[in-house]
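Input: a single structure, listed below in structure tokens.
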Amino acid sequence: METLPKIDRFEFEVDMTTVDKLHRMRPSALCNMMLACAGRHADRRGFGATRKLGWVMARMVLDIRNIPLGSQKFTIETFIKNAYRGFTDRCLRAVDENGNELAAMMCTFAMIDLDTRSPFDFDSEFHDLFMRYLTPEEPFSIPRVPSPRRCSVDGVEPVHRRIRYSDVDINGHMNSIRYIDHIMDILPLDYLYTHDFSRFVVAYMQEAKPGEGLNYHMREVEEDTYYVQIVKDSGEAICRCEMSFLPRPEVEED
């Protein structure tokens, strides 16, 4: 197989179908675009998803400094930072035409057997390929994937949602990025229009499948930072996350 560069770069222009009322690209749309680049990077190098094997996300952190705006041109860069004990850390960043970082995301992925839903030891099959394309020396603005803090949600009235067709991905379970949309839907529109999305940290504990009911327990743990615990109707916790915002400069109070 031809040896390709360790880092892939993909150029984009923000489609107006992916922006909100303020022409900001929706965070989930940016995440999906980044993950599509990750998939293309893996596919081109011989360790992408197949009908039998799939990559699932275990943890993720997303930092947004300046969300891309409608029709803005930007580039997404992606590479693999680490591979260890059946997991990989993948880095992705969006940069503008001047090379300024707009957003950065680091994800921890595991490979699973789609038939058994059990972990697959990718090191036994893809070790040489991973060693060829690992890029630990590449500087990145996020040093590691953190874990969300642990907070009590006792007394919090949950918001209930049932997993529907539009929530489900190619692996047959709840798409990992749809949680961002679900959480933002809980917040008032007035708040979202006066604040910019800043940071999202999530740890996934188990998959959720079509038809299952999910309960979103949200608590503001500090100003403009929300802790969310998502629990199935059966009582099983499926993920913990934190979402942070910053007030928009033009609406800050004196």
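The values are calculated or read from the model by the stated rules, or taken from the named source; none is laboratory data. All figures in this text were calculated on a predicted structure; none of them were measured in a lab. When we count neighbours, we look across all protein chains shown, and the Cβ atoms used for this are built from the backbone with ideal geometry, even at glycine.
Observations on the model:
- Odd one out for Thr88, checked against (1) more than 25 Å from Ile170 (Cβ to Cβ); (2) surrounded by 20 or more Cβ atoms within 10 Å (Cβ to Cβ): (1)
- Region 11-37 residues that are within 19 Å of Asp63 (Cβ to Cβ), paired with ones that are β-branched (Val, Ile, Thr) and assigned to a helix (DSSP H, G or I) (beta carbon under 7 Å, 6 or more apart): Met25/Thr18; Arg26/Thr18; Pro27/Ile180; Ser28/Ile180; Ala29/Thr18; Cys31/Ile180
- Checked across region 159-170, the condition of being of a type in the set (Phe, Trp, Tyr), more than 16 Å from the chain's Cα centre (by Cα) and either at pLDDT 95 or above or in the same structural domain as His23 (by TED's automatic domain parsing) (or both) holds for at least one residue.
- Those strands (runs of 3 or more DSSP E) lying entirely in region 14-130 with at least 2 residues among the aromatic types (Phe, Trp, Tyr): 73-84
- Breaking point among (1) within 26 Å of Phe47 (Cβ to Cβ); (2) over 21 Å from the mean Cα position of the chain (by Cα), for Glu97: (1)
- Whichever residue in region 50-80 is at pLDDT 95 or above and charged (D, E, K, R) and, among such residues, is farthest from Val202 (Cα to Cα): Lys73
- Number of the exception - Cys151 against (1) at pLDDT below 95; (2) under 22 Å from Gly39 (Cβ atoms); (3) surrounded by 13 or more Cβ atoms within 10 Å (Cβ to Cβ): (2)
- Scanning region 177-196 for any residue that is of a type in the set (Ser, Thr, Tyr), outside the structural domain of Ile112 (by TED's automatic domain parsing) and within 14 Å of the chain's Cα centre (by Cα) turns up at least one such residue.
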